[in-house]
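Participant: Got a structure here, written out as structure tokens. Questions coming.
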Amino acid sequence: MITTSLPLPVQSPGSSHSLTVHRFGTPGARPQVYIQAALHADEIPGMLCAVHLRERLTAIEADGAIRGEIVLVPVANPLGLGQTVLGHAIGRFALGDGGNFNRDFPDLEPGTADRVRDRLGSDPDANVALVRAAMTEELAAWPAATPVAVLKKTLVGLALGADLVLDLHCDAEGAMHLYTLPTSGEVFAPLGAWLGSTATLVAEVSGGDPFDEVLSRPWVSLAARFPHIPLPLASHSVTVELRGQADVDHTLARTDAAAIIAFLRNVGALAGTPPALPEQPGIVARLDQSETLTAPHAGIVVFRAAAGDMISAGDPVADIVDPLTGAISTVVAASSGILFARNSTRFATPGKRLGKIAGNGSRRSGKLLGL
Ligand SMILES: [Zn+2]
């Protein structure tokens, strides 16, 4: 394992932040897999999973059994990890400007297309190398003035050359689930099976330019833009939601790390045979057909369904109890599917998001992800 430390801009005199990067295997070997944890800095399950992954990968490397290259960033957001307000960790949004740490990554596709338009040829491997180089140039030209922007630019730079990217997150309360592009669903189906994922949510464009999407979507867009050029999808990325924020547990983290190791073996990044693929229990659902349940008015939230439950249209999901009168409004599902995430607060304001169902809901458009 080679560990490097990448400095981030000094926020104030006397303070410093840096990104720690662990590399396993031979630099430049393929497949290259990039794994990061806790971009939303208050989502800790991925961070513990990364600890167990580091232990496993260190042992595997000592056995000479790493074939590709693994890049592991166990704390992807040191800036957010340092944010607390009155005892509460604030890791999803930057306190400076309110921006979501997993939104507004640079869309490198248009500029990359301009750079490669007249240089693509008939050799797919040469085209992939050309596009990767152009994306690197495009990223270098992306202006990053603030520490948060530099952090985002650095993370994209670390992941840009990878064949596979795993971004480890979690929900407030949740069952294991994944987000990826439709074109990458098949690639990550074995990972979902080993992790015991309940649902894989797919969208061509989810809105907001989250980290995973800006790494893989350019390849899909470029292939569509240049349909007569052989250009394979050279980067597949996935956001892994490791259940809920409180699901921080050695057993879970060890199990999740083992699932990721199995996936790394399956794609040939590690030597060895992965365990038999469990039957995929989860569903694949379109993100734009997922349903967000909201509170009709203020009140105490009493859930009547657990994360991971199969829900049918019309089923009660939560009661909203008026604490002054005792009156109860029951929030029912409009669609059928899996309740894959719930809010962790137990008092709702009007319109508060309570939970999400992956299933057959009405088509939505615009920004499909939450705040
Ligand atoms: Zn997250």
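The values are calculated or read from the model by the stated rules, or taken from the named source; none is laboratory data. Since we're looking at a predicted model, the values are computed, not measured. No Cβ is skipped: glycine too gets one built from the backbone with ideal geometry, and neighbour counts run over all protein chains shown. SASA here: full protein model, heavy atoms, side chains in, ligands and nucleic acids out. Shrake-Rupley method; radii C 1.70, N 1.55, O 1.52, S 1.80 Å.
Participant: Just a yes or no: is a residue in region 220-230 charged (D, E, K, R) and either under 21 Å from Asp288 (Cα atoms) or buried (at least 24 other Cβ atoms within 10 Å of the Cβ) (or both)? Please lay out each step first, then the result.
Facilitator: Going through region 220-230, the residues charged (D, E, K, R) turn out to be 225.
Restricting the remaining residues to those that are either under 21 Å from Asp288 (Cα atoms) or buried (at least 24 other Cβ atoms within 10 Å of the Cβ) (or both) gives none.
So far as region 220-230 goes, no, none of its residues is charged (D, E, K, R) and either under 21 Å from Asp288 (Cα atoms) or buried (at least 24 other Cβ atoms within 10 Å of the Cβ) (or both).
Participant: Sticking with this structure for a sec: Looking at (1) within 16 Å of the ligand (Cβ to nearest atom); (2) surrounded by 24 or more Cβ atoms within 10 Å (Cβ to Cβ), which one does Glu173 not meet, given that it meets all the others?
Facilitator: Checking Glu173 against (1) within 16 Å of the ligand (Cβ to nearest atom); (2) surrounded by 24 or more Cβ atoms within 10 Å (Cβ to Cβ), the one that fails is (2).
Participant: Here is a further query. For region 60-69, does any single residue satisfy the condition of being under 17 Å from the mean Cα position of the chain (by Cα) and not hydroxyl-bearing (Ser, Thr, Tyr)? If you could, list the steps in order and put the result at the bottom.
Facilitator: Taking region 60-69 first, the residues under 17 Å from the mean Cα position of the chain (by Cα) are none.
Checked region 60-69: no residue is under 17 Å from the mean Cα position of the chain (by Cα) and not hydroxyl-bearing (Ser, Thr, Tyr).
Participant: Now for a different question. Are any residues in region 154-170 among the β-branched types (Val, Ile, Thr), under 18 Å from Val220 (Cα atoms) and away from the ligand (no atom under 16 Å from the Cβ), and if so, which ones?
Facilitator: Val156
Participant: Take region 16-49 and flag every residue that is within 16 Å of the ligand (Cβ to nearest atom) and in contact with a helix residue (DSSP H, G or I) (Cβ under 8 Å, 6 or more places away or on another chain).
Facilitator: Result: Ile35, Gln36, Ala37, Ala38, Leu39, His40, Ala41, Asp42, Pro45, Leu48, Cys49.
Participant: A further question follows. Got a sec? Which of Asp118, Asp104 is touching a residue at least 12 places away in the same chain (Cβ under 8 Å) and either outside any helix (DSSP H, G or I) or open to solvent by 30 Å² or more (accessible area, probe 1.4 Å) (or both)?
Facilitator: Asp104
Participant: How many of the residues in region 82-139 are at pLDDT below 95 and within 16 Å of the ligand (Cβ to nearest atom)?
Facilitator: Counting residues in region 82-139 that are at pLDDT below 95 and within 16 Å of the ligand (Cβ to nearest atom) gives 0.
Participant: Restricting the search to region 276-312, which residues are open to solvent by 60 Å² or more (accessible area, probe 1.4 Å), touching a strand residue (DSSP E or B) at 6+ places or on another chain (Cβ under 9 Å) and among the hydrophobic types (A, V, I, L, M, F, W, C)?
Facilitator: Selection gives Val284, Ile300, Val302, Met310.
Participant: On the basis of being surrounded by 20 or more Cβ atoms within 10 Å (Cβ to Cβ), in a helix (DSSP H, G or I), of a type in the set (Ser, Thr, Tyr) and touching a residue at least 12 places away in the same chain (Cβ under 8 Å), does Ser184 make the cut?
Facilitator: Working: surrounded by 20 or more Cβ atoms within 10 Å (Cβ to Cβ): yes; in a helix (DSSP H, G or I): yes; of a type in the set (Ser, Thr, Tyr): yes; touching a residue at least 12 places away in the same chain (Cβ under 8 Å): yes.
Yes; evaluated as a whole, the condition is true for this residue.
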